[in-house]
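To start, the structure under review is shown below, and the notes come after it.
The values are calculated or read from the model by the stated rules, or taken from the named source; none is laboratory data. Since we're looking at a predicted model, the values are computed, not measured. FYI the Cβ positions are ideal-geometry reconstructions off the backbone, even for glycines, and counts take in every protein chain you see.
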Amino acid sequence: MAIPKVAIVGIGHSKYGKRGKIIEEDIEGEKAAYPAVTIRELAHESYFPAIEHAGITNDDVEASVIGIAAEAFAGQGAAAALIADEVGIIGKPTMRVETACATGSTAIRTAWAQIASGQFDVMAAIGVETMTWVSTAYATELMSVAGDHRWEYPYGISFPTFYSLYAARKMAVDGLTRDQLSAVSVKSHYYGYYNKLAHLRRKVSIEDANGAVPIALPLRLYDCCLISDGAATVILANEEKAKKMSSDPLWITGLGCSSDTMRVTDRPNLTNLGGSVRAAEMAYKSSGRSAKDINVAYVHDCFSIAEIMAYEDLGFCERGQGGKWTEERGPYIDGPGVPVNVDGGLKSKGHPLGATGIGQVVDAYKQVFGTAEKQRQVPDAEVALCHNVGQHGQFVNVFILEP
Amino acid sequence: MAIPKVAIVGIGHSKYGKRGKIIEEDIEGEKAAYPAVTIRELAHESYFPAIEHAGITNDDVEASVIGIAAEAFAGQGAAAALIADEVGIIGKPTMRVETACATGSTAIRTAWAQIASGQFDVMAAIGVETMTWVSTAYATELMSVAGDHRWEYPYGISFPTFYSLYAARKMAVDGLTRDQLSAVSVKSHYYGYYNKLAHLRRKVSIEDANGAVPIALPLRLYDCCLISDGAATVILANEEKAKKMSSDPLWITGLGCSSDTMRVTDRPNLTNLGGSVRAAEMAYKSSGRSAKDINVAYVHDCFSIAEIMAYEDLGFCERGQGGKWTEERGPYIDGPGVPVNVDGGLKSKGHPLGATGIGQVVDAYKQVFGTAEKQRQVPDAEVALCHNVGQHGQFVNVFILEP
Amino acid sequence: MSEPQLGLVQELSTDVKHRQRMTAEFRKFINGLKEGKFLATECKSCGKKFMPPRFTCPCGGKDLKWFEVNPEGTLYTWSIVHFAPEGIAKKTNVPYAVGVIEFEDNLLLTGHLKGLTSKPKVGMKVKIEPQELDSGDLAYFIKPA
Amino acid sequence: MSEPQLGLVQELSTDVKHRQRMTAEFRKFINGLKEGKFLATECKSCGKKFMPPRFTCPCGGKDLKWFEVNPEGTLYTWSIVHFAPEGIAKKTNVPYAVGVIEFEDNLLLTGHLKGLTSKPKVGMKVKIEPQELDSGDLAYFIKPA
Ligand SMILES: [Zn+2]
Ligand SMILES: [Zn+2]
């Protein structure tokens, strides 16, 4: 079942990081400085390069979808209107979508449907979040309130805790080890080190990760994604417009989405995410692709355990073998499997909630067209997969992208 | 330009009101009692009647869109997943949309696009909000933070204040009077009195409204909508399924949406809402209808001034004549114009943000198929219009609905 | 703040978050525990059992019956929380332990693991007990059986 | 809480909401006022003028220049707020007056109307002035000219 042809024709991606202050970097002799900004300037930083890349002006953008996961982070309501106004898409349909950490990809799938329906020809999906201006405890609170307030949150189940429940179960059932969890973080930080737009560009060793401070055991600091500010934009167009405006359109050939039970206790097991399995199945089916066709993948690694489950749920390795596959360098560019999160993932690149799912697609575009930094460029990548998860599988979107 | 055929095939609507406690009503000898509920039970109260009305089960519902304007009201994050789980649409795509007070209609337009794209055949759009559990000052805060935090909110511009800026301007420019504003509230409460699902079933006089306590002058208490709890659901289906499952499908023949500048000071005038004008134009164009074809209309009357601007923006009367048209009973069932808000509107029926835009469509369905309470039933209504506004025109959706 | 009181119904009347608990299903469950009954629900249409209890079934069934569950179960999985969200951190010390317990019929429930911050082990025997909170409200905790 | 200090930059450093003000355009505007200059921006591409100032133009132009505006204008519209949102109510008494002012070139700006809670009138002459807040931060208010 092929889906209506819609393409990514423009990309933009801000520097991720603590963007409330000036950032100065000097890595391997390459110096860079980034100004202190708010959600407004972050939106600019990702949007204007995207329309320039698409070779269009605001006149051509017919509507927008804005991804912001929690307005409380920025303290600004009706933020979709603010962002659309800031970048100059004024007097045209806009809206905000929210599916927790999968908010960015939901903005893309919402724009996709509006284009595929024939309503609009060219749209912008803009994701932005500033999370570093509140205390870490409050940021954790804002993410943890997504637990069921009748049966989960009041017993102290924070957001990292949900994933630690999976980690402990997977250790008991599948023999997942501490070293295997750490191996994920080592990989993320290795590639993130070479990504100029990543938040934390620092290589990490297995020992660093094994010995890091506990957050919610079995998970420790390096098992957890960063709290970041950032923005990302993609411009989407229907077939006719895409072919006209772009010499390098990246087609959304597969689109899958699913959800899962609200409560962790209603899941049939705690060793994988059913929402990911169902969304991947839908995405593969619509594209006619399977896991073995994927050349580069972006999976939702809010926690190391999440990345390991994703390897299995997306079919990159056998069920129960995600930890082993990591140790065997399955997800490395020069490994035997599929290169995964060669942008640094949520752990090194960062996780500004509303931007994350769009940022994955932006990097997929670079990989497919060969414009990523050379140390993290996958040779001859053609078929990309992006996998973005909200909460612990309550919202999942999977895209297959091809030139 | 006709749009893909999508129909409303099932409707459900909770009682609106202060639903944190038991409500007992005795109006004209008709007694009713409603239990104390949370967002969960409110969702049930609107969803199950909707699928029963559509003659389907959860198995038939392929995906959902949930409208919740501000999670802070209920203190529950990832609320789309919670609501979808509660009503039993589990393991299927879901998402939350937010466009302030237009959130409900945005849920419908998002589901519409997903169906029109061919992705899904049958979907549920569920809107819910519980607003009465926080203090009125905090509720006002949650709505007021939607003003620009750099240039508006810090100077004390609350949500009612935006509309009062329009009211004072319209008084100066168009000669709008205090009596004309009050006439809107009198009408809303007249019809709301007969709507069993309305929040405040009490008739109000011009004198009551003129003499009410000031909120943000020129606006007084009865110029302002209620703060309510409530939920509403519609089931949408594509042409094939709608014809198969429903003997009474209500087709979305027109769909318009637009937006406007973030800041009130960037508008070309403060006597109408440009977003409404643009959205109505798009809706009329797509349906081939014009204002004179409309038999019953639901307009966004968060404030009396908003309803008067809507009369003009939707073309029910001449520009600048909204106040006069009200006094001439233009919006009454037995008046010379188009019956407007015969459900009581946001002012008497209530305004649970996420539900409001869906609740309008639910009542439009009843009017078109002749099942509203007889004192407020428009005779022979065929073409309905729903107009839902977020903030002061930053988000506007307009639907034309026909059997 | 010595012994963590997770269950956190202390602010029931003022904290909007706890309004989520103000309904019949939650009260019946908690009051059952107080009377020594550990309750779940079962759909009369499809037979599916629900812990925590539901009043409607995804199958469409709205006729569910309460039934008693053996309060002893096994630890299905666990976590030791060293960094709590702000709302919890205000009310309890870290670290504290939480877990998922498996009862009969594969019924799972999340809860606070009392006295288990050092060595929780998947498969160990545990038991659910009612917990009287400082506020006088009632919640539950999990302890070794 | 005697004289309302709307402009509310008091909590600049702690309140996340005020982070929205921490950028160059806002500071330049406020610092200009302090030096007696009332500043707006103009797009060099399309000539559109912006009050409050923008640094990017919806036309796509990113080259905007600052220019001085006459600080005297007329009251375009007004409101007298008797019921303030919680965040404002904590810091100021009601009623207070706010309004939109029209300056030259049809430039509009929202602000606090000082000393105008009884009889604001559309068309009346007003003037923007810098306002030193208790915190030492700077904002502005509007008063009769
Ligand atoms: Zn059942
Ligand atoms: Zn310009």
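Taking the conditions exactly as written (within 14 Å of chain A (Cβ to nearest Cβ) and within 17 Å of the chain's Cα centre (by Cα)), does B:G230 satisfy them or not? So B:G230 does not fit the description; no.
Here segment D:53-90 is the region considered, the condition is being within 12 Å of chain A (Cβ to nearest Cβ) and more than 13 Å from ligand 2 (Cβ to nearest atom), and the residue that is modelled with the highest pLDDT is D:P85.
Please verify whether segment A:261-270 includes one or more residues that are more than 14 Å from chain C (Cβ to nearest Cβ), buried (at least 24 other Cβ atoms within 10 Å of the Cβ), in contact (Cβ under 8 Å) with a residue 24 or more places away in the chain and of a type outside the set (D, E). No, the conditions are met nowhere in segment A:261-270.
Residues in segment A:359-386 that are touching a residue at least 12 places away in the same chain (Cβ under 8 Å) and at positive phi: A:D380 alone. When the strands (runs of 3 or more DSSP E) confined to segment A:211-324 are screened for residues that are over 25 Å from A:V186 (Cβ atoms), those reaching at least 3 such residues are found at A:229-238, A:250-259. Can you name the residue in segment D:80-106 that is among the β-branched types (V, I, T) and surrounded by fewer than 24 Cβ atoms within 10 Å (Cβ to Cβ) and, of all such residues, is nearest to D:E42 (Cα to Cα)? Applying the filter and picking the extreme gives D:T92. Among the residues making up segment D:36-52, those that are more than 14 Å from ligand 2 (Cβ to nearest atom) and more than 14 Å from chain A (Cβ to nearest Cβ) are D:G36, D:K37, D:F38, D:L39, D:M51. If only residues of segment C:55-73 that are touching a Cys at 6+ places or on another chain (Cβ under 8 Å) and assigned to a loop (DSSP other than H, G, I, E, B) are counted, the one that is farthest from ligand 1 (Cβ to nearest atom) is C:D63. Looking across segment B:284-307 at every residue that is of a type in the set (G, A, S) and over 12 Å from the mean Cα position of the chain (by Cα), the one that is farthest from B:Q394 (Cα to Cα) is identified as B:G288.
Against the condition of a type in the set (G, A, S) and modelled with pLDDT of 75 or more, how does D:S2 come out, does it pass? The answer is no for D:S2.
Of all residues in segment A:159-202, those that are part of a loop (DSSP other than H, G, I, E, B) and within 24 Å of A:G370 (Cα to Cα) total 10.
Yes or no, residue by residue, for (1) within 14 Å of chain C (Cβ to nearest Cβ); (2) of a type outside the set (D, E):
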| site | (1), (2) |
| --- | --- |
| B:E25 | no, no |
| B:E41 | yes, no |
| B:A70 | yes, yes |
| B:A80 | no, yes |
| B:K92 | yes, yes |
| B:M95 | no, yes |
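When segment C:78-123 is limited to residues that are out of contact with any Lys or Arg (no Cβ under 9 Å at 6 or more places or on another chain) and polar (S, T, N, Q), the one that is farthest from A:V213 (Cα to Cα) turns out to be C:T92. Kindly provide the set of residues from segment D:74-96 that are assigned to a strand (DSSP E or B) and either more than 22 Å from D:K121 (Cα to Cα) or among the aliphatic types (A, V, I, L, M) (or both), ordered by number. Matches in segment D:74-96: D:L75, D:I80, D:V81. In the set (1) within 8 Å of chain B (Cβ to nearest Cβ); (2) more than 24 Å from D:M51 (Cβ to Cβ), the condition left unmet by D:V98 is number (2). Residues A:I51, A:I56, A:I66: which one is of a type in the set (A, V, I, L, M, F, W, C), surrounded by fewer than 22 Cβ atoms within 10 Å (Cβ to Cβ) and at pLDDT 95 or above? A:I56 is the lone residue from the list that is of a type in the set (A, V, I, L, M, F, W, C), surrounded by fewer than 22 Cβ atoms within 10 Å (Cβ to Cβ) and at pLDDT 95 or above.
Among the listed residues C:K48, C:K37, identify the single one that is free of Cβ contacts under 8 Å to residues at least 60 places away in the same chain, more than 22 Å from B:V37 (Cβ to Cβ) and within 16 Å of ligand 1 (Cβ to nearest atom). The unique qualifying residue is C:K48.
Residue-wise test of (1) of a type in the set (A, V, I, L, M, F, W, C); (2) farther than 21 Å from B:D229 by Cβ; (3) outside any strand (DSSP E or B); (4) out of contact with any Lys or Arg (no Cβ under 9 Å at 6 or more places or on another chain).
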{"site": "B:P4", "(1), (2), (3), (4)": "no, yes, yes, yes"}
{"site": "B:A7", "(1), (2), (3), (4)": "yes, yes, no, no"}
{"site": "B:I11", "(1), (2), (3), (4)": "yes, no, no, no"}
{"site": "B:K15", "(1), (2), (3), (4)": "no, no, yes, no"}
{"site": "B:G20", "(1), (2), (3), (4)": "no, no, yes, no"}
{"site": "B:E24", "(1), (2), (3), (4)": "no, no, no, no"}
{"site": "B:A33", "(1), (2), (3), (4)": "yes, no, no, yes"}
{"site": "B:L42", "(1), (2), (3), (4)": "yes, no, yes, no"}
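Does A:E24 fit the bill of being without any contact (Cβ under 8 Å) to a residue 60 or more places away in the chain and not polar (S, T, N, Q)? It is true that A:E24 is without any contact (Cβ under 8 Å) to a residue 60 or more places away in the chain and not polar (S, T, N, Q). Restricting attention to segment B:363-374, does a residue exist that is crowded, with 24+ Cβ neighbours inside 10 Å, in contact with a helix residue (DSSP H, G or I) (Cβ under 9 Å, 6 or more places away or on another chain) and not in a helix (DSSP H, G or I)? Scanning segment B:363-374 turns up no residue that is crowded, with 24+ Cβ neighbours inside 10 Å, in contact with a helix residue (DSSP H, G or I) (Cβ under 9 Å, 6 or more places away or on another chain) and not in a helix (DSSP H, G or I).
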